[in-house]
Amino acid sequence: MENNVIIPGFDSEKDDSLVINIRKAEGVTNGLFVYLSGYIDTYNSSFFQKKVSQIIDAGFINLIFNCSSLNYVSSTGIGSFTVFLKMVKPKGGNVVLLEIQPKVYEVFQLLGFSQFFNIKSTADEAIAFFSEGTISGSSVFPLVISCPVCTKKLRSTRAGRFRCSGCKSILAINDNGDVSLG
């Protein structure tokens, strides 16, 4: 397995409910893609935290979690992502959540955590986020947009995916401030 090549012994412990695969993020200093498949709940969150702690201990502090095959995340699982953010931030790292399923994103939003995470739609956007770092002084954010469905005025402080407070449509806002459904 490539996992053990990147981090020796990474696959020594497994959990059938959550499969974790890793791949170096080319172009991102100390960056790693973490592919999640299955679900994260109260029962497997300690396994999840142990594996990601192993990743951080190996020196990978810029983490891109690909959530395209993550079917469910409980509030405990979301708490795990928060722990990772608190672990990497003091080391100069960050966390990006990538390709979140709408029902998983809804849990993040309902619990008020969507504003704390950098959420991107593509791997290229995630890599660009890390390569830009905090240099982007000419950001278009904060930004007031109109929902393309109900035209309600909404304020956005960053790019990502959001739910309109008026019609509940999911909106995607890119780094340039362009709005699309999604």
How large is the helix-only mean residue ellipticity at 222 nm for the chain, computed as the sum of -39500 (n - 2.57) over DSSP H runs with n ≥ 4, divided by its residue count, in deg cm²/dmol to the nearest 500? -8500 deg cm²/dmol
Quick check for you: with a 1.4 Å probe and neighbouring chains kept, what is the accessible area per residue of the chain, in Å²? 50
Under a point-charge model restricted to the Cβ atoms of Lys and Arg (+1) and Asp and Glu (-1), what is the dipole moment magnitude of the chain relative to its Cα centre, in debye to the nearest 20? 700
Ignoring everything but the protein chains, give the 1.4 Å probe accessible area of T29 in square angstrom, nearest 10. 100
If I ignore ligands, DNA and RNA and count only protein heavy atoms, how much of E2 is accessible to a 1.4 Å probe, in Å² to the nearest 10? 110
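The values are calculated or read from the model by the stated rules, or taken from the named source; none is laboratory data. Quick caveat: nothing in here was measured; it's all calculated off a predicted structure. Neighbour counts are summed over all protein chains in view; Cβ atoms, including those assigned to glycine, are modelled from backbone coordinates with ideal geometry. We work out accessible area using only protein heavy atoms, side chains counted, and drop any ligands, DNA or RNA first. Shrake-Rupley method; radii C 1.70, N 1.55, O 1.52, S 1.80 Å.
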